C-alpha cells in the first residue's frame, strides 16, 4: 500500500528547458528528508505544458534517482482515454511503480463513462492505478458508488481525493471491500482527512517542507492526532501562501529560495506578485526553512 507523505513533485526548468540536474537533486533531497513517495508529472509538475518526450524523461529520471528507495506514482491522466493509456504505458515503461489518472475533465462524462474510462485504462495496465478525483478542476465528481465500482478492478489500488468532502473516505470505505489507499489531495485538510479514515496525502507543500509533512503523516499513522494537528497549525501559513496565486508559481518560487530549482513556470502560469513572494518568504522563515 502506498501511503504517508507523498510529494506532488514540481518539474524544474532552466531557460524553458527541463533542468535534469535540478530534478535529480530534488529526488535525492526528498529521500534524505523522509518523503514516503514521489508523484511526478502531475498538475503541480505542469504536465499540461510538457512535451511527450519531456513527460517520459521526467518519469525516467525520477525512477532512476529513487532507485527503489521510495515509490513513484506517475501522473498519466487525460480526458482522452487512448491518451491516458498511452501515458500509462509510458509510466510503466520508464520505471514508475504506479500511475495516477484524473477524471474526464472538459468532456464531463457520466458516471458510467467515468467507470468505462478507468476500466479501459485498467485493462491496458500492468502497474497499479490510482484514481484522482478533483471536481473543482475536472468538473465531474466520481461519486462513492462509482468509486467502489472502479476500486473493484484488481489493479486499482487507491484514490487521491481532492473533493474537499471529509465524509468521502468514510462513505467509500463502507463500499470498497479490499485494502485501498485513501490519499488526500489537499494540504490544508490532510490531518482531518486522515482522521476520517485516510492514510496519506499527495502534497504540494511537501516540495518545500518535506520533513514536517512526513512527521505529520507519521503522527497520524501512530494515532497521535494532537501532534499531527500541532504540525498542521505550523504549516498552515505556508499552505495558504503557496496557493494565493495559481499553482505551481508559489511552490516553485519557494523551491528557488531553497536553491532547489529556478522559479520559472510555463505559460499560462505567470510569475508571482511581490505580495505573494513576501508571504511565502515570511511563512518559510517562520518554519526555519530559510
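The values are calculated or read from the model by the stated rules, or taken from the named source; none is laboratory data. Computed from a prediction, not measured in an experiment: that's the story for all the values here. Note: ideal-geometry Cβ built from the backbone for every residue, glycine included; neighbour counts use all protein chains shown.
Remarks
- Only one of the numbered conditions (1) part of a loop (DSSP other than H, G, I, E, B); (2) in contact with a strand residue (DSSP E or B) (Cβ under 9 Å, 6 or more places away or on another chain); (3) modelled with pLDDT of 95 or more; (4) over 21 Å from residue 261 (Cα atoms) is violated by residue 45, and that is (4).
- Note on segment 29-42: among residues that are within 18 Å of the chain's Cα centre (by Cα) and in a helix (DSSP H, G or I), the one that is surrounded by the most Cβ atoms within 10 Å (Cβ to Cβ) is 30.
- Within segment 145-165, tally of residues that are in contact with a strand residue (DSSP E or B) (Cβ under 9 Å, 6 or more places away or on another chain) and free of Cβ contacts under 8 Å to residues at least 40 places away in the same chain: 10
- Yes/no for residue 198 being within 30 Å of residue 49 (Cα to Cα), buried (at least 16 other Cβ atoms within 10 Å of the Cβ) and touching a residue at least 24 places away in the same chain (Cβ under 8 Å): no
- As a summary of the residue check, residue 252 satisfies the conditions (1) farther than 25 Å from residue 22 by Cα; (2) assigned to a helix (DSSP H, G or I) except for the one numbered (1).
- Residues in segment 215-249 that are assigned to a loop (DSSP other than H, G, I, E, B) and over 21 Å from residue 42 (Cα atoms): 222, 223, 224.
- Summed over segment 93-108, residues that are surrounded by 19 or more Cβ atoms within 10 Å (Cβ to Cβ) and either modelled with pLDDT under 95 or more than 28 Å from residue 36 (Cα to Cα) (or both) total 2.
- Number of residues in segment 119-142 that are touching a helix residue (DSSP H, G or I) at 6+ places or on another chain (Cβ under 6 Å) and either over 17 Å from residue 185 (Cβ atoms) or surrounded by fewer than 22 Cβ atoms within 10 Å (Cβ to Cβ) (or both): the value is 7.
- From 255, 241, residue being over 23 Å from residue 31 (Cβ atoms) and crowded, with 16+ Cβ neighbours inside 10 Å: 241
- Residue among 48, 90, 67, 63 that is farther than 27 Å from residue 141 by Cβ, within 17 Å of the chain's Cα centre (by Cα) and surrounded by fewer than 24 Cβ atoms within 10 Å (Cβ to Cβ): 63
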